Structure formats: C-alpha cells, structure tokens
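J.: Before anything else, here's the structure in question.
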C-alpha cells in the first residue's frame, strides 16, 4: 500500500448505502423498480398521504439479516426511529430509519490482501425521492427556477453498512468496497452498482502521525461514484489534511463533496447544527427476528466470496483470476459448470477473458458447461466459442441461450473429420514445395496449408485439428 | 327515532327501504344542521346512490350486511375516497383522498350509508370543536354550549338525531368526552383493536377510532363491524373479534368494579361517605363525581362487587400526554409543507413555501402543539421531557395492571365537567384539563367508554366512564348495558324539543 506521506497514515471509515433487491418498497407494496414514468410506482404510503401507514417488508429484513450474517454481525432486536427534517423529496418530512438499535452490529470483514475491517453496524432505512431542479445548470440547485420531484424511489429499502475506521489507505478502501460488493452479489442482496447509485459510498477520512492510534478530526466525503473516485478522493483528502497540519492549521469536521475537478469541496455550511429530533416510530412495532428465522436465513445463504475463491483455487485458478470471477459475480456459474462436467481450465479462462459482459451473471451453468464441452470435442474453435458466449450473454435474459442452437444458427458446424482430411490432402497436393519443406522440419510453412484449408472452409475449420492432421501425415 | 339495529333489521327484511330511511335523516340534517354545524360535508347524492344499491341488493335477495341502510357519519379526519377530508383545517380544505380508510371500507361493506363528514377541532387537537377552522359545532342540549371534542361533530350528529351512528377518533378522550357532553354512548377500543389505516394521524401511539351511538347496543354493533386485524396497520391486533352483542345481556353479578379514588374523591368501600371529596383531583365537578358513585351503587344493586381503588399514576397522565402527543404530532404534521397536496402558498424558495404554507394553513392551537412537541424532542431536552413522559406512560400501565389484579372494570367520570359555554375555557390549561379522566386509558392503550348517567349543572348530561383491561371490551360492554338499564332518563335535547324529531 503506497502511503501518501511516510510520516503520516490515512484513517478511513466507510458508510456504504446499498439498495436491497426487493420486489417492493420497505414499507409499501409499490414496486421497487427504476426507469419507469415518474411517480407511477407509488402508493399513498410512498407519497406520505395523510392517513397512510407503513408495513415492514419481510424480504428486506431477510436480506439485511443475510448481509449481517455474512459480515459476522450480531443480529439483534431493533426498532425504527423517525429522523425529522424538511425536504421536498422526503414525502413525510421524516425518514424512517434504524437509529440506536440497528438490526446488525459488531461484525467484521476480511479484505483480501489487506486487514480485517470492523463493521460497527448495518441498519435498514427508507430512501428518499429524487429532485430535479429546473433552469439551473445540469439539474443542480444553483440558479434553478423550479423543481420536479419523482417519488418512485421514495421508500426503496436501503441497508447502511458502517465500518469502523480500520481502513488504512485508498487501495484498502477500494478493496473493502469490492469485497463487500462481491458479498452482496453472492447473496443476491443488491445489484450494488456504484455508477448507478444502487451502492453509495461516503468516506470518513482523517490522518494521524504514522504509528499512533489517535483519531483526529475527520471529514465526510460524499458523491464518490466509482472505485477510482473513491481512491482519488481519499488520497486528495489525506493530502489536504496533511497539508493543513504541516502549515500549522487543522481540518474542521465537515461534509465535503468529491467533484469532477479532482478535489473535494466543502458543502455550504448550515447556520445551525441539525437536530433530527429522533424518536421511536410509533406506526411500527419492534423488530425482533427469532433465532429460528435467523437460522433459516443462514441455511439458505450461498457460498460467500472467500469460500468461492478457495474453491476456484482448488480448480486451479490463481488468486487474481479467482478474484475477478468472484467480483463479477460469476463464481457459482463457474463452479457449477465445472460440476456439470466442463473442463476447469477452459471454464476459468472463459470467465476471466470472455465474460466481462452484461448478462454473464445470468448464464445457465449447464449451458456454459455444454459450450466448454463442445469446444473440447472440437465442435467449436476457441474463436467460435467466444462468439457463441457473447450471443449467450445477450440472450441470457430470456433463458434462450443454448450454445448448440446458437452455433448452428451462426453456421459453426463442426467439420466432418474425413472432409477435413480430404481438404488437407488437397492443400498438400496444391503446394508440393511447401510440403517438402514441412516434411524437412520447417514447421512455420504449416501456415500455408492451414490458410488453404481455412479459405476452403470460410474459416470454419479448427486450426488445431488441421495442424494435427498435417503432423499425422508427415509422421506417417 | 330508530336505533341502528332496528333500521338494519327492517332494511334487511324488506320492511323499510334504505332510501326512505336516508331521506328521513337527510331531512333532519337539512332542517337543523345550520343550527348545530355537525357536518363539514353532507354527501347526499353519494348516499342516495348507496341507499339505492342497498335496496337493490335486498330486492335481489342478497343481504347487504349487519348495518344495512344505516346512515352513518365519519369524523372528517377519516379518509373517504373522492370526498373532502379536511381535518377541519385550512391546510386540507380542498383535499380529497384517493382511498378509503379501512373503517370506511368496513362500514360500507356492512351496508352502512355515509351521509357526511363531521366537524372536529383542527387535526383533532382540542376538547370543544372551537378549534375547527370552519367554526364550532353546537351542543344539541344547549346551543350556547360546546359539544366537547375533538369529535364534537360526530357526537352532536348522533345526539341531534342526524345519524344513528357516527365514528370518531380518540387520542386523549376525543370520543368519550363529547359523548358525555352530548348525552350519548362513545367507545374508545383497545389500541390496535380497530385499524388506523386512513385515519389522519394526530398522535399515532394514542389515536384510536371508535363509535358513537344513542345506546350501548348500537355502539356494540358498530364496534364489532370496525374491529379486527388489518394487515395495513402494523399496530393492529391479530385477535378474533368477539360477539359484542352477546356481552350486553350477561349481567354484572359477581363482577368486581373498582371506583378510581383519585378521580372520584375517594369513593367508598362498601359504605357510603357521600361528599367526601377531600382528595378529588383538581377541576373535577363534585356532582359529576357523585354521579359516578351513584352508578357504582346501581351496579352493586345489580350484583356487582364494588370497591374503591387507587391508580396513582392518573394524576400525572395529563402532563405526560401533553408531551408525548404534541411530540408525535410535530412529526406527523410535518408533511403539510405545500409540496404534494393541500394548501400551498408559493415562496421564493422551498423553505419559504414551507413556512408560508404552514403559517397560513394551521390554526393557533395546532401551531402551539407543534412547537411544544418540537421542543420536547429537541436535543438536550429529549430525556427531560419526552423520555420522562414515556416513563410515566409505563408507570400508568403498571398501576392499571395492579388495579386489574383486583377488579374486572374501573369506574370514573368521563369529563370533569358538563358541557361548557363557548369561550369559557379559552385558557389552554383549563381546556387541557377536560382530558384528565380520559387520558390514562390512552396512555395505557386499554379500552374505555362513556355511558350517560344522570345530569349535572344546569340539568346537562353526565357521562360515567367504564375502563377495562386490554381487549376487555366484552366485560366493559356488559357493565355499560347494566348502567344504561339503571340510568335515570335524560331530558330531551333543546334542539330536539324545537322539533328535530318531529317527523319521526
């Protein structure tokens, strides 16, 4: 881990908000779905209409429990509070959130290649709507003449996962988020996309003299929407703090905004401190998941990234490949495909090299296995296999991704071996001088025959097989 | 005037038509509501359509339900689809909800016919309806006096014979106190017994919907219709609803009845010590306490075992309630910000729009309570105010539990006074004391009801309050029916003497 300055160390704690992958919202039956017409996925509850009441989504609680268990947290009886503040995209002008009694607390996450990071808590809360300011530049509030609010997002379940300040660098922070994301994907708890906002990271950053264990004044940096900006924001902010200390000043505790200019900017400071007047939400009853429920959630949990990496390692994948596969959410796919008879090396190779594609996570393991088997049987060349995989990913949404059918559709018929032998014989007859050289040991002239066969088959032949046939004839 | 029970019976058997029943009641409203102002909205056309479909059902041999053709009024803080639901506030003067409250659905499904929405203190904050933005409701017994509140419109509507049944909401006594002042029956069920879905919230942990009726049997019938589990209200109790009507005839032999000493001046233990009101809580009329003791005597005569019981926490109820309820209200009423519905006064920016809208939309009492509640929840004050009030709430719960170890039901006055004149209690503390006897049941969540029992000052109706442990509605109704049988007849309301029931 490169340090920003050798005599200083960076101290980071992360607050990660993830949208939970439920069908409906945290407290209403409205679809929890994006991209629809504004204000269509709403009920009286989402709009905070007078008289409406919240009912807690059981599935959201299950996902929160699963994430908590994956992060080695204690799952505790909890209650919801109201956080009171006025904002137009907050329909009730209070947010229902867990406050001093979160459902998950005191866990940890082992970050691959780095330290164990403590998890202080993970709690459920509802998301707000989305405000678009009219007339200002880029929908920002400055210079706006009006605003439109879309409440489709209002009430979407969020899980806020708060780490302890155990992260020592930008790279570690990035690795922590990647590992957390891999866990969320493995659990199906969230699609956890930073760029699309279904995963949002706020970083609490401070610095201290190297080797000390004090905690100095921190700044909270928001608007970090990629791993790259997370790393850059941490490095920038750490340098800023060091600069302040070195010039005899001190940072002030504040919220800062990571900006496209590569700096953090203080948000307009409020005239008075926020007083959210938290109190227990009287419209909901205490949430106390019974041990049996927790055990059922635990029993239904799939293998987690650490275990998946280990199993991929057993198949021969190196750590980097295993990490890539896990972070793409493809570990189960690969493991299951191998379980269904696919060659491990080829399957890992495809997952790493050919499956950085949307839809890959939706592939069916048996279909991936049969693709790998077709390739191994010589029915597809490596290039053809890659092409077929691409089409399979495109069609994975419909489940209509049978590799045999796709290969046939693309005209990737495997050459009949007698037909291929005939074409090889023809190529030799057409190039007698080259054949003499080849037989004399000049291996590189093999290209002449391979090229001729490829030309004759419009690229359908498997070069590897052609080479084998040439070698057989020479050695015969 | 017919009871709801009789109307439903007649309509179900085809003896009377719902349409005819409706016209009779609409006629009374037309004639006299200009004097009373029980209604914010009368939904005559919608009611006629509903009555016609009830009659059609009967003629096709279908049963429209246990309240077939019974005209009903809803307090104007219960959501009615497409019908203004104003909470008697400028803030919601023009707002019509896109959905029906669960109780409205239940009543409609039982065959009741909504005739209108009744007046209340703005957002149910008050004990007289004087805080309605649309003007007060008058007490049918004396038009110069208040009907009580906040459900004063519903109580007056039943007392005036505008409807046989009405629903109200009770946060600190808002059903029981107006029932007492208007000489009718009012029930606050166990918290969670009746769904709050669609009731515009005042203080969520206290709010509970309940019925008003001229007699105990009608109130029990209405209670049975609206009770039951609602998956839309997380605080709703998933317990089966008993046959409340069956409880009415049971008799009180052997039932243990405890008279709350703090609210009656000591009561008695077997022997009478009339007038011994030395430790009566401040502000409770001596002759009202006396009616409660007479009611206890009547129950003893009917075979109940009567004693006196101390529930010390009731003396702190008022203080605790006026911290917790405004705290919840300050949050519940935040949503009226001009953004989505209701009143909007435009401003230069969002903050100014919020400020101007709330300044124009809320009346003084609502503003006072929002400020009180905001203060009680503020950082640095939370523990001293909201936190301490919650401890009093637990204490109240404990004191009631102790009392119910020895008694099946408890008795107290409903209201510390009879109906008072407009403006007489303009000082907020004097007004808040109207809730002294009713608030403890809201703090504990237990059921309580008011039954008329004799008169007090100026021959005005007095209500006796019967309190029962959680889900003890049946025992409570058994005692109420016995008291009703023993009660001296009430004089006719002033308004009725003027001819309101002349057509019946």
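The values are calculated or read from the model by the stated rules, or taken from the named source; none is laboratory data. Given the structure is predicted, the values throughout are model-derived calculations rather than measurements. Cβ atoms come from the backbone with ideal geometry, glycine included; neighbour counts cover every protein chain shown.
J.: Would it be correct to say that residue A:234 is in contact with a helix residue (DSSP H, G or I) (Cβ under 8 Å, 6 or more places away or on another chain), more than 30 Å from residue A:303 (Cα to Cα) and assigned to a strand (DSSP E or B)?
T.: Details: in contact with a helix residue (DSSP H, G or I) (Cβ under 8 Å, 6 or more places away or on another chain): yes; more than 30 Å from residue A:303 (Cα to Cα): yes; assigned to a strand (DSSP E or B): no.
So residue A:234 fails the test.
J.: What tally of residues in the range B:109-132 results from selecting those that are at negative phi and assigned to a loop (DSSP other than H, G, I, E, B)?
T.: So the count comes out to 11.
J.: A further question on this structure: Here are some conditions: (1) closer than 12 Å to residue A:156 by Cα; (2) free of Cβ contacts under 8 Å to residues at least 24 places away in the same chain. Residue A:58 meets all but one. Which one does it not meet?
T.: Failing condition for residue A:58: (1).
J.: If you don't mind, there's one more thing I want to ask. Just to check your reading of the model, which residue among A:434, A:356, A:407, A:351 is part of a helix (DSSP H, G or I) and closer than 20 Å to residue A:312 by Cα?
T.: Details: A:434 fails: closer than 20 Å to residue A:312 by Cα; A:356 fails: part of a helix (DSSP H, G or I); A:407 fails: closer than 20 Å to residue A:312 by Cα.
Answer to the selection: A:351.
J.: Starting from residues that are over 23 Å from residue A:132 (Cβ atoms) and surrounded by 19 or more Cβ atoms within 10 Å (Cβ to Cβ), keep the ones in the range B:337-364 and report whichever is nearest to the other protein chains (Cβ to nearest Cβ).
T.: So the residue we want is B:358.
J.: Follow-up. Could you identify the single residue in B:312, B:326 that is surrounded by 21 or more Cβ atoms within 10 Å (Cβ to Cβ), at negative phi, touching a residue at least 24 places away in the same chain (Cβ under 8 Å) and more than 9 Å from every other protein chain (Cβ to nearest Cβ)?
T.: Working: B:312 fails: surrounded by 21 or more Cβ atoms within 10 Å (Cβ to Cβ).
On inspection, the qualifying residue turns out to be B:326.
J.: Please find, among A:328, A:309, the residue that is crowded, with 20+ Cβ neighbours inside 10 Å, away from chain B (no Cβ under 14 Å) and at pLDDT below 95.
T.: Working: A:328 fails: crowded, with 20+ Cβ neighbours inside 10 Å.
Of the residues listed, the single one that is crowded, with 20+ Cβ neighbours inside 10 Å, away from chain B (no Cβ under 14 Å) and at pLDDT below 95 is A:309.
J.: Between B:254, B:283, B:267, which is modelled with pLDDT under 95, part of a loop (DSSP other than H, G, I, E, B) and surrounded by fewer than 20 Cβ atoms within 10 Å (Cβ to Cβ)?
T.: Values: B:254 fails: modelled with pLDDT under 95; B:267 fails: surrounded by fewer than 20 Cβ atoms within 10 Å (Cβ to Cβ).
Result: B:283 is the single residue among B:254, B:283, B:267 that is modelled with pLDDT under 95, part of a loop (DSSP other than H, G, I, E, B) and surrounded by fewer than 20 Cβ atoms within 10 Å (Cβ to Cβ).
J.: Would you mind stating whether residue A:191 is in contact (Cβ under 8 Å) with a residue 24 or more places away in the chain, surrounded by fewer than 22 Cβ atoms within 10 Å (Cβ to Cβ), within 23 Å of residue A:266 (Cβ to Cβ) and in the same structural domain as residue A:159 (by TED's automatic domain parsing)? Explain how you work it out, then say what you get.
T.: Numbers: in contact (Cβ under 8 Å) with a residue 24 or more places away in the chain: yes; surrounded by fewer than 22 Cβ atoms within 10 Å (Cβ to Cβ): yes; within 23 Å of residue A:266 (Cβ to Cβ): no; in the same structural domain as residue A:159 (by TED's automatic domain parsing): yes.
It is false that residue A:191 is in contact (Cβ under 8 Å) with a residue 24 or more places away in the chain, surrounded by fewer than 22 Cβ atoms within 10 Å (Cβ to Cβ), within 23 Å of residue A:266 (Cβ to Cβ) and in the same structural domain as residue A:159 (by TED's automatic domain parsing).
J.: Next up: Considering only residues that are in contact with a helix residue (DSSP H, G or I) (Cβ under 9 Å, 6 or more places away or on another chain) and within 25 Å of residue B:236 (Cβ to Cβ), which ones fall in the range B:83-98? Show your work before the answer.
T.: If we filter the range B:83-98 for residues that are in contact with a helix residue (DSSP H, G or I) (Cβ under 9 Å, 6 or more places away or on another chain), which is where we start, we get B:83-93.
Once the filter is applied, which keeps residues that are in contact with a helix residue (DSSP H, G or I) (Cβ under 9 Å, 6 or more places away or on another chain) and within 25 Å of residue B:236 (Cβ to Cβ), the range B:83-98 yields B:83, B:85, B:87, B:92.
J.: Examine the range A:1-21 for a residue that is within 24 Å of the chain's Cα centre (by Cα) and outside the structural domain of residue A:205 (by TED's automatic domain parsing), and state whether such a residue exists. Please lay out each step first, then the result.
T.: Keep residues of the range A:1-21 that are within 24 Å of the chain's Cα centre (by Cα), which gives A:1, A:12-21.
So of that shortlist, the ones also outside the structural domain of residue A:205 (by TED's automatic domain parsing) come out as A:1.
Yes: the range A:1-21 contains one or more residues that are within 24 Å of the chain's Cα centre (by Cα) and outside the structural domain of residue A:205 (by TED's automatic domain parsing).
J.: Same structure, new question: Restricting attention to the range B:139-160, does a residue exist that is within 14 Å of another protein chain (Cβ to nearest Cβ) and touching a helix residue (DSSP H, G or I) at 6+ places or on another chain (Cβ under 9 Å)? If you could, list the steps in order and put the result at the bottom.
T.: Pass one, the range B:139-160, residues within 14 Å of another protein chain (Cβ to nearest Cβ): none.
Within the range B:139-160, not a single residue is within 14 Å of another protein chain (Cβ to nearest Cβ) and touching a helix residue (DSSP H, G or I) at 6+ places or on another chain (Cβ under 9 Å).
J.: Report those strands (runs of 3 or more DSSP E) wholly inside the range A:1-107 carrying at least 2 residues which are more than 14 Å from chain B (Cβ to nearest Cβ).
T.: Numbers: elements: A:8-19, A:80-84, A:94-98.
Ranges flagged: A:8-19.
J.: In the range B:87-114, which residue that is within 18 Å of the chain's Cα centre (by Cα) and within 11 Å of residue B:40 (Cα to Cα) is farthest from the other protein chains (Cβ to nearest Cβ)?
T.: Per the stated criteria, the residue is B:88.
J.: Of the residues in the range A:270-306, how many are surrounded by 15 or more Cβ atoms within 10 Å (Cβ to Cβ), within 30 Å of residue A:185 (Cβ to Cβ), out of contact with any helix residue (DSSP H, G or I) (no Cβ under 7 Å at 6 or more places or on another chain) and within 14 Å of chain B (Cβ to nearest Cβ)?
T.: Here the count works out to 1.
Table: residues versus (1) farther than 27 Å from residue B:146 by Cβ; (2) at pLDDT below 95.
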{"site": "B:347", "(1), (2)": "yes, yes"}
{"site": "B:369", "(1), (2)": "no, no"}
{"site": "B:395", "(1), (2)": "yes, no"}
{"site": "B:402", "(1), (2)": "yes, no"}
{"site": "B:409", "(1), (2)": "yes, no"}
{"site": "B:412", "(1), (2)": "no, no"}
{"site": "B:440", "(1), (2)": "no, no"}
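J.: Does at least one position in the range B:361-370 carry a residue that is outside any helix (DSSP H, G or I), under 19 Å from residue B:121 (Cα atoms) and within 23 Å of the chain's Cα centre (by Cα)?
T.: First pass over the range B:361-370, keeping only residues outside any helix (DSSP H, G or I): B:362-363.
From the residues that got through so far, the ones that are under 19 Å from residue B:121 (Cα atoms) too are B:362-363.
From what is left, the residues that are within 23 Å of the chain's Cα centre (by Cα) are B:362-363.
There is at least one residue in the range B:361-370 that is outside any helix (DSSP H, G or I), under 19 Å from residue B:121 (Cα atoms) and within 23 Å of the chain's Cα centre (by Cα).
J.: Checking residue B:307 against (1) over 30 Å from residue A:145 (Cβ atoms); (2) out of contact with any strand residue (DSSP E or B) (no Cβ under 8 Å at 6 or more places or on another chain); (3) more than 10 Å from chain A (Cβ to nearest Cβ); (4) modelled with pLDDT of 95 or more, which single condition isn't satisfied?
T.: Status for residue B:307: all satisfied but (2).
J.: Does residue A:114 meet the test of being touching a strand residue (DSSP E or B) at 6+ places or on another chain (Cβ under 9 Å), more than 22 Å from residue A:58 (Cα to Cα) and not in a strand (DSSP E or B)? Let's see the steps before the verdict.
T.: Details: touching a strand residue (DSSP E or B) at 6+ places or on another chain (Cβ under 9 Å): yes; more than 22 Å from residue A:58 (Cα to Cα): yes; not in a strand (DSSP E or B): yes.
Here the answer is yes, as residue A:114 does meet what is asked.
J.: Under 29 Å from residue B:5 (Cα atoms), more than 12 Å from every other protein chain (Cβ to nearest Cβ) and at pLDDT 95 or above: does that describe residue B:126? Give the steps one after another, and end with the answer.
T.: Working: under 29 Å from residue B:5 (Cα atoms): no; more than 12 Å from every other protein chain (Cβ to nearest Cβ): yes; at pLDDT 95 or above: yes.
Against the criterion (under 29 Å from residue B:5 (Cα atoms), more than 12 Å from every other protein chain (Cβ to nearest Cβ) and at pLDDT 95 or above), residue B:126 does not qualify.
J.: Another one. Inside the range A:97-113, can you point out the residues that are surrounded by fewer than 21 Cβ atoms within 10 Å (Cβ to Cβ) and closer than 20 Å to residue A:279 by Cβ?
T.: Across the range A:97-113, the qualifying residues are A:97, A:99, A:100, A:101.
J.: Quick test of your reading of the structure: residue A:411 fulfils all but one of (1) crowded, with 17+ Cβ neighbours inside 10 Å; (2) closer than 30 Å to residue A:359 by Cβ. Name the failing condition by number.
T.: That leaves (1) as the condition not met.
J.: Do you know which residues across the range B:201-232 are more than 28 Å from residue B:482 (Cβ to Cβ) and touching a helix residue (DSSP H, G or I) at 6+ places or on another chain (Cβ under 7 Å)? Spell out the reasoning first.
T.: Taking the range B:201-232 first, the residues more than 28 Å from residue B:482 (Cβ to Cβ) are B:201-207, B:229-232.
Once the filter is applied, which keeps residues that are more than 28 Å from residue B:482 (Cβ to Cβ) and touching a helix residue (DSSP H, G or I) at 6+ places or on another chain (Cβ under 7 Å), the range B:201-232 yields B:201, B:202, B:203, B:204, B:205, B:206, B:230, B:232.
J.: Does the range B:59-84 hold any residues that are outside any loop (DSSP other than H, G, I, E, B) and under 23 Å from the mean Cα position of the chain (by Cα), and which are they? I'd like the intermediate steps shown before the answer.
T.: Here is the first cut: in the range B:59-84, the ones outside any loop (DSSP other than H, G, I, E, B) are B:59, B:71-75, B:78, B:80, B:83.
Residues satisfying the conditions are B:71, B:72, B:73, B:74, B:75, B:78, B:80, B:83.
J.: All but one of (1) farther than 30 Å from residue B:482 by Cβ; (2) assigned to a helix (DSSP H, G or I); (3) within 14 Å of another protein chain (Cβ to nearest Cβ) hold for residue B:431; which doesn't?
T.: (3)
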